[in-house]
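No value in this document is a laboratory result; all are computed from the given coordinates. Keep in mind the model is a prediction, meaning the values are calculated, not measured. When we count neighbours, we look across all protein chains shown, and the Cβ atoms used for this are built from the backbone with ideal geometry, even at glycine.
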Amino acid sequence: MRTIALHGGTPIRSEKFPPYYPGANLMGKEEAEASAGIALSQSPFRYYGVDMKYKVRQFEDMFTEVSAARFSLAVTSGTAALMVSLKALRIGYGDKVAVPACTFIATAAVVIAAGAVPVFVDVDESLNMDPLDLHTKLSEDDEIRAVIAVHILGYPCDMDGIMKVACHYQVPVIEDVAQSCGTTYKGRFCGTIGDIGAFSFQMNKLITCGEGGAVVTNDPDIFERAVRYHDHGGFRDKERYGIDSECVFAFAGQNYRMSEFAGAVMVEQLKKLETIISRMRAHHDRIVNGLAQALPGLTLRKLYDPAGAAGCSVAVVLDSAALASTFIKALNAENINAMPLYDARPLYHNEIFQQRKSVEKNGFPFCYPFKHPLDYSNVLCPRAEHLAPRMVFIPITSVIPDHEIEPIIEGIISVYHAIHTGK
Ligand SMILES: *Cc1c(COP(=O)(O)O)cnc(C)c1O
């Protein structure tokens, strides 16, 4: 056995991992020409201009086709996509929204910005929302009016389980697909299984224009409210969708419209999505299979649909938090990127929730006289508590060459042996 780098050996990789920008890593002349085309057309706004390229519209049509959803709407960010989703479902003051205990802070913070409050649901072995705990939370609290299921780092949630529970309680489901654009679950594009799906195209996501987002849905009423909320309450291009708009009245909206620059870049990035996913998926499968063969005792993050992972991460579960942090240090010493997920703890530990810190006066929106009072200090999601500190993520990008995968597998195996035997 080789001496691992943490113990003074030569790192198995001589160079650092490429930075984790799966979409941006493949940006090039296509995106450059597309954005230059918008500047030259002097028409950067999606709805009118002097020489329209209709790039946002083109992107939406492509996204509708790729996702097989009925409707797509481009917006300014993943957070905007979640906000538009919540408002399209009429979520606001006096409502609670179920979110998973382990997710990026935006998933829960946007609920507060929408005027509602998050209720944390435990995770299962996939580190995504646990349908059984969702069932418990919904049965205990009829003030929960929506669920946000988050597909963390390319692994789909147990959507059959989540949809079954949500349907039973007649609570709509938002899928947060910010980290997982292109992930599928039983052949369906994640984001199209629940009532509405929210995507991010920020720099770290699988395709990107720096800042951007989208929502997809099959429901015309939800879609019309999404469009109106994102465009000051108005609904342009009605004829494009064939929606009879009398059924939903207008209301006070916001502006989350995507610019033509972002749209032009997203058209080019979306063309690359299949390449990005197929490369990452191939790397992911080789690493997972290699590890499973060499280390039968190793616990890998549970994957509900092995054919559907986007492949942008491999995650392993160590026996203790101490072993996990040594594992991370040792892998980084081999120039193999590894990290815990978000502070290695459930999100409700964050002081924003512990101390109910919104930007508003008088404790809004936490001040609502709920029947079932909120108390984040008593929140306990035992599996999240137990798993989050022991879970180690290895990010996979689209630009790792094939020949570098074998040394990565070997590196992980030797580090795993070394930290367990102390040699
Ligand atoms: C990135 C992310 C968001 C927010 O997306 P932005 O485009 O940065 O606003 C929301 N949820 C999850 C899970 C994310 O990873």
Just report the Cα centroid separation between the range 237-312 and the range 130-144, whole Å.
27 Å
Looking only at Gln355, Gln179, Gln58, which one moves most when the chain is put into a Gaussian network model with springs between Cα atoms under 10 Å?
Gln355
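Using only the Cα atoms of the range 276-423, construct the convex hull and provide its projected area averaged over every direction, in square nanometres to one decimal. Write out the running numbers ahead of the final one.
Numbers: hull surface 47.3 nm².
Its average projected convex-hull area is 11.8 nm².
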Taking Cα atoms, how many degrees apart are the long axis of helix 405-421 and the longest axis of the chain, rounded to 10 and kept between 0 and 90?
60 degrees
Could you check what % of the DSSP bridge pairs in the chain are antiparallel, to the nearest 5?
60 percent
Unit Cα scatterers, Debye sum, the range 139-232: log10 I(q)/I(0) for q = 0.21 Å⁻¹:
-1.08
To the nearest 10 degrees, how steep is helix 131-140 against the longest Cα principal axis of the chain, on a 0 to 90 scale?
50 degrees
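What Kirkwood Rh does the range 1-65 have if only Cα atoms enter the pairwise 1/r average? Answer in Å. Walk me through the numbers on the way to the answer.
Details: mean 1/r = 0.0626 Å⁻¹.
It works out to 16.0 Å.
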Would you mind computing Rg(Cα) / (2.2 N^0.38 Å) for the range 309-381, counting N as its residues?
1.62
Work out the length of the dipole vector of the chain about its Cα centre, built from +1 on the beta-carbon of each Lys and Arg and -1 on the beta-carbon of each Asp and Glu, and round it to the nearest 20 debye.
560 debye
Please express the shape of the range 333-419 as an equivalent ellipsoid: the semi-axes are the square roots of 5 times the eigenvalues of the C-alpha gyration tensor, given largest first in whole angstrom.
41, 16, 10
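I need the Kirkwood Rh of the range 243-319: take the reciprocal of the average 1/r across all distinct C-alpha pairs and report it in angstrom.
Values: mean 1/r = 0.0602 Å⁻¹.
After inverting the pairwise mean of 1/r, the radius is 16.6 Å.
Under the rule of -39500 (n - 2.57) per DSSP H run of 4 or more residues, summed and divided by the residues of the chain, what mean residue ellipticity at 222 nm is obtained, to the nearest 500 deg cm²/dmol?
Details: 13 runs with 156 residues, N = 423.
The per-residue figure over the chain is -11500 deg cm²/dmol.
Quick one: Arg225, Arg286, Arg281, fewest Cβ neighbours within 10 Å first, how do they rank? Provide the component values of the computation, followed by the final result.
Details: Arg225 26, Arg286 17, Arg281 21.
In increasing order of surrounding Cβ atoms, one gets Arg286, Arg281, Arg225.
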Using θ = phi - 60° and the Karplus curve 6.51 cos²θ - 1.76 cosθ + 1.60, what whole-Hz ³J(HN,Hα) does each residue of the range 87-100 get, with Gly and Pro shown as x?
6, 5, 8, 6, 8, x, 3, x, 9, 10, 10, 6, 10, x
Cut-off is 10 Å between beta-carbons; in what order do Phe370, Phe223 appear when sorted fewest neighbours first?
Phe370, Phe223
Over 27 Å between Cα atoms: which of Lys271/Lys302; Lys55/Lys96; Lys238/Lys272; Lys271/Lys329; Lys96/Lys164; Lys53/Lys238 fall into that group?
Lys271/Lys302; Lys55/Lys96; Lys238/Lys272; Lys271/Lys329
Taking Cα centroids, how far is the range 1-76 from the range 146-219 in Å?
19 Å
Residue-by-residue Karplus 3J(HN,Hα) for the range 189-200, coefficients 6.51, -1.76, 1.60, Hz, glycine and proline x:
5, 4, x, 10, 8, x, 6, 7, x, 10, 10, 10
Return, for the Cα atoms of the range 183-237, the radius of gyration and Dmax in Å, separated by a comma.
13.0, 37
Sorted from largest to smallest, which semi-axis lengths in Å does the alpha carbon gyration tensor of the range 109-162 give for its equivalent ellipsoid, taking the root of 5 times each eigenvalue?
19, 15, 8
What's the long-distance tail for the range 74-163, i.e. % of Cα pairs beyond 21 Å?
27 percent
Through the Karplus equation 6.51 cos²θ - 1.76 cosθ + 1.60, θ set to phi - 60°, convert the phi angles of the range 299-312 into ³J(HN,Hα) values in whole Hz; use x for Gly and Pro.
9, 9, 4, 5, 10, 5, 9, x, 7, x, 4, 5, x, 7
Cα-based Kirkwood hydrodynamic radius, the chain, one decimal, Å
22.4 Å
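Dividing the Cα radius of gyration by the Kirkwood radius, what Rg/Rh value follows for the range 165-316? Don't skip to the end; give the middle numbers.
Working: Rg = 18.7 Å, Rh = 17.8 Å.
Rounded to two decimals, Rg/Rh equals 1.06.
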Taking Cα atoms, how many degrees apart are the long axis of helix 321-333 and the longest axis of the chain, rounded to 10 and kept between 0 and 90?
80 degrees
If I model the range 43-92 as equal point scatterers sitting on the Cα atoms and use the Debye formula, what is log10 I(q)/I(0) at q = 0.17, 0.24, 0.28, 0.30 Å⁻¹?
-0.64, -0.96, -1.03, -1.06
